[in-house]
Amino acid sequence: MSDSPAPELIFHRGDQASVKMACMYCGAPATHTHERRVTNPRLDAPSRSGAGGNVSLGDDPISGCIALVLLPLVLYGLWGDLRAGWRHRAACRVAPPLDPPDTLVTTTTCDRHRHYARRFTRAVLTVCAACALLWVGVVLLRHQPGGAPLWLVVGALVGTLAAPLIFVVVYDAVGPVRVSKVTRDSVTMGGVRSAYFDAPG
Ligand SMILES: [Zn+2]
């Protein structure tokens, strides 16, 4: 667990500041940029995210183990992020847009990390599919003499219970770069590795 809070990358509404051309995952010179626009809600008070539950962790295995111990806090932080997302969407629906109505957010990556988010999603889906397959095996084999093998039942149970917890820890520690907080004036990116902030430029 890091002693200092992880630095945050914040984009301000209406500010066309150029981004540093370094990979947000490894800090190497960036070769790809991905731009998206995030709608700014017309909120009177800035929306909060992760209401004090955010746990700043490194992306090494030891931090992963610490995260496992701090799982309730991590879950609480994720829940805060989810709630902030819902509030953001609700605020966008009920109020007219601000001017300018959105913030331009840029993600910079090197060749190696260009499809990191996609690979991460694919890995999660693969684990979900593997759990589903185990349960299909349990259901198909339940009429066999002696029922489904014990290892299959235990594997399906443990996999189903452990997978969401492991996912939360892994997402917090090495998840893809994503929007983590939106206020009426700024968008904060989560998951930007410290190597990006250390990179020259
Ligand atoms: Zn990279």
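Less than 5 angstrom separates the built amide H of Ala22 from those of Ala30, all sequence-distant by 5 or more or on a different chain.
Annotation: amide H-H contacts under 5 Å for Val179 (H modelled 1.01 Å from N, sequence separation of 5 or more, or interchain): Gly190.
3J(HN,Hα) along the stretch 31-39, derived from phi through the Karplus expression 6.51 cos²θ - 1.76 cosθ + 1.60 where θ = phi - 60°, amounts to 10, 9, 10, 10, 9, 8, 10, 10, 5 Hz, with x in place of Gly and Pro.
Computed from the coordinates by the stated procedures, all read-outs in this text should not be read as laboratory data. In this text, all values refer to a predicted model and were calculated from it rather than measured experimentally.
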